[in-house]
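Contents: one structure, followed by commentary.
The values are calculated or read from the model by the stated rules, or taken from the named source; none is laboratory data. Only a predicted model underlies this, so the values are computations on that prediction, with no experimental measurement involved. Using ideal geometry, Cβ is built from the backbone for each residue, glycine included, and neighbour counts are taken over all protein chains shown.
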């Protein structure tokens with residue numbers, strides 16, 4: 001495959017990437033998907049997905065992504081587990097460098113690499129990651145049965161993390177820097193009516209405490225200026241995500257948040273999913289944009305060979 005020029009390569013194996021692969025496969029474009037470090041995307045770290053159409057009882061995120069993967073393969077998509085580390089443009093071709101320094105080339109490229117968790121940026125957070133600091137309640141929640149944990153954030157992700165953790169823990173303390181949550185009403189209601197969850201508003205995290213594992217967290221109240229140490233066994237950071245677009249910086253402009261400035265993209269490059277969506281970031285919008293990207297890529301490839 002290294003010497004072949006592919007018609008289309010898709011970077012990312014989440015709902016956007018797999019949907020693009022289904023459409024490209026049905027168009028006989030023989031798409032190759034590079035899954036990167038997280039095959040299946042962030043949905044594989046989610047519990048029950050309740051708002052994806054067609055599943056009135058909800059569906060496990062991992063199961064949903066597994067079904068999308070099987071459907072993409074059914075139409076001829078090839079799934080590779082390499083990670084793309086750089087993208088260049090050579091004439092009408094895209095040149096992709098993989099983590100092992102091997103090279104792949106293609107005529108059309110769909111960027112569907114998703115996003116990665118946003119961290120606080122504290123030294124203590126970095127040092128204690130995997131030692132009590134996490135960004136995935138569904139992955140690590142069972143380790144905290146009967147214990148106290150803190151969740152940092154105020155959006156839907158934070159609400160979901162807190163709710164999921166309350167199934168295992170004795171207490172969840174939700175810390176948010178503003179006086180109001182930005183989460184959807186239904187997610188806020190679940191948190192506010194959950195007796196295991198306490199909310200600390202207008203507070204910022206100054207330090208995560210502990211030498212070899214999390215022992216507590218120090219927060220500061222932005223209204224009073226007072227600091228408080230909260231003993232806890234784990235800290236879950238739920239501050240949203242950063243688009244995985246850095247590999248495109250050599251061929252186009254990214255804005256201050258890392259999202260693509262679309263009118264600077266070279267011909268043949270198409271976007272799908274959370275890596276290009278600062279507004280909605282839902283599974284359903286990711287699949288929709290995956291469909292659009294594949295159809296646009298097919299039109300582009302047809303124009304190349306007319």
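Would you point out which residue out of 193, 253, 227 is surrounded by fewer than 18 Cβ atoms within 10 Å (Cβ to Cβ), in contact with a strand residue (DSSP E or B) (Cβ under 8 Å, 6 or more places away or on another chain) and not assigned by TED's automatic domain parsing to the domain that holds residue 10? Before you say what the answer is, go through the steps one by one.
On the way: 193 fails: in contact with a strand residue (DSSP E or B) (Cβ under 8 Å, 6 or more places away or on another chain); 253 fails: not assigned by TED's automatic domain parsing to the domain that holds residue 10.
From the options 193, 253, 227, the qualifying one is 227.
Tell me the residue from 93, 42, 64 that is under 18 Å from residue 4 (Cα atoms) and in contact with a strand residue (DSSP E or B) (Cβ under 8 Å, 6 or more places away or on another chain), please.
Values: 42 fails: under 18 Å from residue 4 (Cα atoms); 64 fails: under 18 Å from residue 4 (Cα atoms).
Result of the check over 93, 42, 64: 93.
If residue 188 satisfies all but one of (1) at pLDDT 95 or above; (2) in the same structural domain as residue 233 (by TED's automatic domain parsing); (3) in contact with a strand residue (DSSP E or B) (Cβ under 9 Å, 6 or more places away or on another chain), what's the number of the condition it fails?
Here residue 188 clears every test but (3).
Could you check, for region 214-223, whether at least one of its residues is surrounded by 12 or more Cβ atoms within 10 Å (Cβ to Cβ) and within 26 Å of the chain's Cα centre (by Cα)?
Filtering region 214-223 down to residues surrounded by 12 or more Cβ atoms within 10 Å (Cβ to Cβ) leaves 214-222.
Applying the additional criterion that residues be within 26 Å of the chain's Cα centre (by Cα) yields 214, 217.
Within region 214-223, one or more residues are surrounded by 12 or more Cβ atoms within 10 Å (Cβ to Cβ) and within 26 Å of the chain's Cα centre (by Cα).
Is it the case that residue 204 is under 24 Å from the mean Cα position of the chain (by Cα), at pLDDT below 95, surrounded by 13 or more Cβ atoms within 10 Å (Cβ to Cβ) and not in a loop (DSSP other than H, G, I, E, B)?
Details: under 24 Å from the mean Cα position of the chain (by Cα): yes; at pLDDT below 95: no; surrounded by 13 or more Cβ atoms within 10 Å (Cβ to Cβ): yes; not in a loop (DSSP other than H, G, I, E, B): yes.
So residue 204 fails the test.
Can you tell me which residues in region 231-257 are modelled with pLDDT under 95 and either assigned to a helix (DSSP H, G or I) or closer than 26 Å to residue 174 by Cβ (or both)?
Residues satisfying the conditions are 238, 239, 240, 241, 242, 257.
Would you call residue 167 farther than 12 Å from residue 238 by Cα, in contact with a helix residue (DSSP H, G or I) (Cβ under 8 Å, 6 or more places away or on another chain) and surrounded by fewer than 16 Cβ atoms within 10 Å (Cβ to Cβ)? Let's see the steps before the verdict.
On the way: farther than 12 Å from residue 238 by Cα: yes; in contact with a helix residue (DSSP H, G or I) (Cβ under 8 Å, 6 or more places away or on another chain): yes; surrounded by fewer than 16 Cβ atoms within 10 Å (Cβ to Cβ): yes.
In short, yes.
Please determine whether any residue of region 258-269 is within 18 Å of residue 19 (Cβ to Cβ) and either part of a loop (DSSP other than H, G, I, E, B) or in the same structural domain as residue 58 (by TED's automatic domain parsing) (or both). Steps first, answer last, please.
So the first thing to find is which residues in region 258-269 are within 18 Å of residue 19 (Cβ to Cβ), and the list is 269.
Retained after the next criterion (residues that are either part of a loop (DSSP other than H, G, I, E, B) or in the same structural domain as residue 58 (by TED's automatic domain parsing) (or both)): 269.
For region 258-269, residues within 18 Å of residue 19 (Cβ to Cβ) and either part of a loop (DSSP other than H, G, I, E, B) or in the same structural domain as residue 58 (by TED's automatic domain parsing) (or both): present.
Residue-by-condition table, conditions (1) surrounded by fewer than 16 Cβ atoms within 10 Å (Cβ to Cβ); (2) within 30 Å of residue 238 (Cα to Cα); (3) not assigned by TED's automatic domain parsing to the domain that holds residue 251:
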position	(1), (2), (3)
10	no, yes, no
14	no, yes, no
35	no, yes, no
63	yes, yes, no
69	no, yes, no
74	yes, no, no
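Could you say whether any residue in region 287-294 is under 19 Å from the mean Cα position of the chain (by Cα) and outside any helix (DSSP H, G or I)?
Scanning region 287-294 turns up no residue that is under 19 Å from the mean Cα position of the chain (by Cα) and outside any helix (DSSP H, G or I).
Report yes if some residue within region 16-25 is over 18 Å from the mean Cα position of the chain (by Cα) and in a loop (DSSP other than H, G, I, E, B); otherwise report no. Even if it seems obvious, please write down each step before you answer.
To start, the set of residues in region 16-25 that are over 18 Å from the mean Cα position of the chain (by Cα) comprises 21-25.
Then keep just the ones that are in a loop (DSSP other than H, G, I, E, B); that gives none.
No: zero hits.
Which one is surrounded by the fewest Cβ atoms within 10 Å (Cβ to Cβ), of the residues in region 170-179 that are more than 24 Å from the chain's Cα centre (by Cα) and part of a loop (DSSP other than H, G, I, E, B)?
Among those residues, the one meeting the criterion is 179.
Of the conditions (1) in contact (Cβ under 8 Å) with a residue 60 or more places away in the chain; (2) closer than 29 Å to residue 302 by Cβ; (3) surrounded by 15 or more Cβ atoms within 10 Å (Cβ to Cβ); (4) more than 14 Å from the chain's Cα centre (by Cα), residue 266 fails just one. Which one is it?
(3)
Conditions tested, residue by residue: (1) at pLDDT below 95; (2) within 28 Å of residue 246 (Cα to Cα); (3) touching a helix residue (DSSP H, G or I) at 6+ places or on another chain (Cβ under 9 Å).
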{"residue": "16", "(1), (2), (3)": "no, yes, yes"}
{"residue": "27", "(1), (2), (3)": "no, no, yes"}
{"residue": "39", "(1), (2), (3)": "yes, yes, yes"}
{"residue": "43", "(1), (2), (3)": "yes, yes, yes"}
{"residue": "72", "(1), (2), (3)": "no, yes, yes"}
{"residue": "88", "(1), (2), (3)": "no, yes, no"}
